[in-house]
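Take a look at the structure below.
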Amino acid sequence: MLVGRFSFAQPCAFPTSNHSLLQPGSEDRFFVGTVGKPWATGQFGCVRTEGWQMHEGLDIKCLQRDAAGEPTDPVLATADGVVAYVSASPSLSNYGNYIVLRHQIDGLEVYSLYAHLKRIRDGLKPGQAVKSGEAIATMGRTTNTHEGISRARAHVHFELDLLVNEGFPRWYKNAFPTQRNDHGVWNGQNLLGVDPRLVLLEQHRLGTNFNLVNFVRNQVELCRVAVSATSFPWLKRYPRLIERNPIAEKEGVAGYEISLNYNGVPYRMIPRAGSELKTKSRFQLLSVNEAEYGRNPCRRLVTKRGGHWSLTRNGTNLLELLTY
Ligand SMILES: [Zn+2]
């Protein structure tokens, strides 16, 4: 049997017709940097404010403009999926108009997000199925920030996310009673991004051998924490990230040991028996990968004071939301 190039579905396709990322040295034709900064600031990661500010997606350059210089690139679904959320009130978010799609890729529930859209396709509504490569919107430069996005910097902000907790609206109301949440579960704080650049490049390199679960499980560890919670949504949503532990299986699970990457993604959970957990506290920081913290500190999940590492308020908030 002939195995043609199109005989397998690509897990994630480019969200526009700009594919310059695949040509080494052409990154400046793919990424849009922040005002006055190089293209690298349009990547995912600790790329802003001298490495101390996280950018949780890719800012992808427009290729097509109308007579007025406005972007016209169609924005394309990255994979088969279902519309999860459509926000057509640009003044309510720095994302401007944005869309969230839900996908099952390699058995992993993953969400793609497309922001700063000019126009959302007519009639696009939560619950609708979309196909990989299907146009869902037109690129734009909507946002609610004071500075706005100039015509020259028009781009789509593209994220690949895991969903932390469907109880987010309740949790947020308790944790931040004076803050507004206009987007329910689809608040950016409830979506933890992985690097779409690495996903796109890795699957290009590995073809059918690419597997999103393996990709997520192979994140670099920033820190390891123990939590005493034994039942929380992440465990149910991402069972493929749970490792086996015969001792906990035999004695009963008293908590989980969790590896977090620098963006706070809990990418590996090990069930622990009571005899293995050294503490009864809700959260305990077990270890920190100092080299990784040195490279990617911007989420400020942990801090070192007086020679000792501890969880910051950000770190504790994340674990509270995770186990809520
Ligand atoms: Zn962006």
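Take segment 90-110 and flag every residue that is within 16 Å of the ligand (Cβ to nearest atom) and open to solvent by less than 60 Å² (accessible area, probe 1.4 Å). Lay out the reasoning, then the answer.
Residues of segment 90-110 that are within 16 Å of the ligand (Cβ to nearest atom), as a first pass: 90, 93-100.
Once the filter is applied, which keeps residues that are within 16 Å of the ligand (Cβ to nearest atom) and open to solvent by less than 60 Å² (accessible area, probe 1.4 Å), segment 90-110 yields Pro90, Ser93, Tyr95, Gly96, Asn97, Tyr98, Ile99, Val100.
Among the residues of segment 13-38, how many are open to solvent by 80 Å² or more (accessible area, probe 1.4 Å), touching a residue at least 40 places away in the same chain (Cβ under 8 Å) and small (Gly, Ala, Ser)?
0
Report whether or not His116 is in contact with a Gly (Cβ under 6 Å, 6 or more places away or on another chain), open to solvent by less than 50 Å² (accessible area, probe 1.4 Å) and not small (Gly, Ala, Ser). Give the derivation first.
Values: in contact with a Gly (Cβ under 6 Å, 6 or more places away or on another chain): yes; open to solvent by less than 50 Å² (accessible area, probe 1.4 Å): yes; not small (Gly, Ala, Ser): yes.
Spelling it out, His116 is indeed in contact with a Gly (Cβ under 6 Å, 6 or more places away or on another chain), open to solvent by less than 50 Å² (accessible area, probe 1.4 Å) and not small (Gly, Ala, Ser).
What tally of residues in segment 11-26 results from selecting those that are among the hydrophobic types (A, V, I, L, M, F, W, C) and part of a helix (DSSP H, G or I)?
2
What residue, among those in segment 39-86 that are away from the ligand (no atom under 15 Å from the Cβ) and within 23 Å of Asn296 (Cβ to Cβ), is surrounded by the most Cβ atoms within 10 Å (Cβ to Cβ)? Break it down into steps so the answer makes sense when it comes.
Within segment 39-86, the first condition is being away from the ligand (no atom under 15 Å from the Cβ), and the residues that meet it are 50-52, 63-70, 72-74, 76-86.
Narrowing the set further to residues that are within 23 Å of Asn296 (Cβ to Cβ) leaves 50-52.
On the way: Glu50: 8, Gly51: 13, Trp52: 11.
Applying the filter and picking the extreme gives Gly51.
Which one of the conditions (1) touching a residue at least 60 places away in the same chain (Cβ under 8 Å); (2) closer than 27 Å to Glu166 by Cβ does Met269 fail to meet, given that it meets all the rest?
(1)
Based on what the data block shows, is His157 touching a His at 6+ places or on another chain (Cβ under 7 Å), under 30 Å from Leu117 (Cα atoms) and either acidic (Asp, Glu) or open to solvent by less than 50 Å² (accessible area, probe 1.4 Å) (or both)? Walk me through it before giving the result.
Working: touching a His at 6+ places or on another chain (Cβ under 7 Å): yes; under 30 Å from Leu117 (Cα atoms): yes; either acidic (Asp, Glu) or open to solvent by less than 50 Å² (accessible area, probe 1.4 Å) (or both): yes.
For His157, the condition - touching a His at 6+ places or on another chain (Cβ under 7 Å), under 30 Å from Leu117 (Cα atoms) and either acidic (Asp, Glu) or open to solvent by less than 50 Å² (accessible area, probe 1.4 Å) (or both) - is met.
Do we have Asn174 as surrounded by 15 or more Cβ atoms within 10 Å (Cβ to Cβ) and among the polar types (S, T, N, Q) here? Give the derivation first.
Values: surrounded by 15 or more Cβ atoms within 10 Å (Cβ to Cβ): no; among the polar types (S, T, N, Q): yes.
Answer is no for this residue.
Considering only segment 152-254, give the strands (runs of 3 or more DSSP E) lying wholly within it that have at least 1 residues that are within 16 Å of the ligand (Cβ to nearest atom) and touching a Lys or Arg at 6+ places or on another chain (Cβ under 9 Å).
Working: elements: 155-163, 191-194, 223-227.
Here the list reads 155-163.
Does any residue in segment 183-195 that is free of Cβ contacts under 8 Å to residues at least 12 places away in the same chain come within less than 7 Å, Cβ to Cβ, of a residue that is not small (Gly, Ala, Ser) six or more places away or on a different chain, and which pairs are these?
none
Could you please let me know if Gly123 is more than 15 Å from the ligand (Cβ to nearest atom), of a type outside the set (S, T, N, Q) and part of a loop (DSSP other than H, G, I, E, B)? So that I can check it myself, show each step before the final result.
Working: more than 15 Å from the ligand (Cβ to nearest atom): yes; of a type outside the set (S, T, N, Q): yes; part of a loop (DSSP other than H, G, I, E, B): yes.
Yes; evaluated as a whole, the condition is true for this residue.
Among the residues of segment 264-280, is any open to solvent by 60 Å² or more (accessible area, probe 1.4 Å) and touching a Lys or Arg at 6+ places or on another chain (Cβ under 9 Å)?
Going residue by residue through segment 264-280, those that are open to solvent by 60 Å² or more (accessible area, probe 1.4 Å) are 275, 278, 280.
Filter once more, keeping what is touching a Lys or Arg at 6+ places or on another chain (Cβ under 9 Å): none.
No, segment 264-280 has no match at all.
The values are calculated or read from the model by the stated rules, or taken from the named source; none is laboratory data. All figures in this text were calculated on a predicted structure; none of them were measured in a lab. Cβ coordinates were reconstructed from backbone atoms using ideal geometry, including for glycine residues, and neighbour counts include every protein chain displayed. Remember, those area values only see protein heavy atoms, side chains included, never the ligands or the DNA or RNA. Shrake-Rupley method; radii C 1.70, N 1.55, O 1.52, S 1.80 Å.
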